[in-house]
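The values are calculated or read from the model by the stated rules, or taken from the named source; none is laboratory data. Keep in mind that this is a model prediction, so the values were computed, not measured. With ideal geometry, Cβ positions are generated from the backbone for all residues, glycine too; neighbour counts draw on all protein chains shown.
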Amino acid sequence: MTGDLYRQAEQRYFSSDWAGAAELLEQVVAAEPRNLEAWVMLAAASRQLRRFARSAQAYERAIELDPENTVWRQHLVHVHEQAGRYDEAAAAEAEVGTGGPTPATSG
């Protein structure tokens, strides 16, 4: 069932029907929370819709599922910048080079 939903979402996404794609992708990730491709596509569709908070959440989930992939971190930086959350963008950008969160330093 979710395979059909994902294919429909993919068709809508590639037709630039961001709202339709996002609606279907929400169903896919609810049923398949480890579906990396669905999370990434949901993040991108949400970004197109200017739903920056949801886009950031979806990219963060993609990072959890694929922590070695710095592309999702770079996209997260851009989402935060578009939303005007520059502190969060800077923190996410610092993680791009390390492949993960920067350990806190004691002062």
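Pick from the stretch 17-71 the residues that are among the polar types (S, T, N, Q) and modelled with pLDDT of 95 or more: which of them is farthest from Y86 (Cα to Cα)?
Filtering the stretch 17-71 for residues among the polar types (S, T, N, Q) gives 27, 35, 46, 48, 55, 57, 69-70.
Checking which are modelled with pLDDT of 95 or more leaves us with 27, 35, 46, 48, 55, 57.
Numbers: Q27: 31, N35: 29, S46: 19, Q48: 19, S55: 16, Q57: 16 Å.
Out of the qualifying residues, it is Q27.
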Looking only at the stretch 86-106, decide whether some residue is within 21 Å of A22 (Cβ to Cβ), among the hydrophobic types (A, V, I, L, M, F, W, C) and modelled with pLDDT under 95. no
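Could you please let me know if R34 is among the basic types (K, R) and in a helix (DSSP H, G or I)?
Against the criterion (among the basic types (K, R) and in a helix (DSSP H, G or I)), R34 does not qualify.
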Filtered residues of the stretch 1-55 (kept if under 23 Å from T70 (Cβ atoms) and touching a Ser or Thr at 6+ places or on another chain (Cβ under 6 Å)): A43, S46, R47, R54, S55
Residue under evaluation A9, criteria (1) closer than 19 Å to Q57 by Cα; (2) surrounded by fewer than 21 Cβ atoms within 10 Å (Cβ to Cβ); (3) more than 15 Å from the chain's Cα centre (by Cα), criterion not met: (2)
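If you take the residues of the stretch 64-86 that are among the charged types (D, E, K, R) and in a loop (DSSP other than H, G, I, E, B), which of them is nearest to the chain's Cα centre (by Cα)? Step through it out loud before you land on a result.
At the first step, the residues of the stretch 64-86 found to be among the charged types (D, E, K, R) are 64, 66, 68, 73, 81, 85.
Filter once more, keeping what is in a loop (DSSP other than H, G, I, E, B): 66, 68, 85.
Numbers: D66: 11, E68: 15, R85: 16 Å.
By that ranking, first place goes to D66.
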Tell me which residues, restricted to the stretch 25-48, are in contact with a His (Cβ under 8 Å, 6 or more places away or on another chain) and buried (at least 24 other Cβ atoms within 10 Å of the Cβ). A43
Filter the stretch 59-87 for residues that are touching a residue at least 24 places away in the same chain (Cβ under 8 Å) and of a type in the set (G, A, S); the one that is surrounded by the most Cβ atoms within 10 Å (Cβ to Cβ) is A62
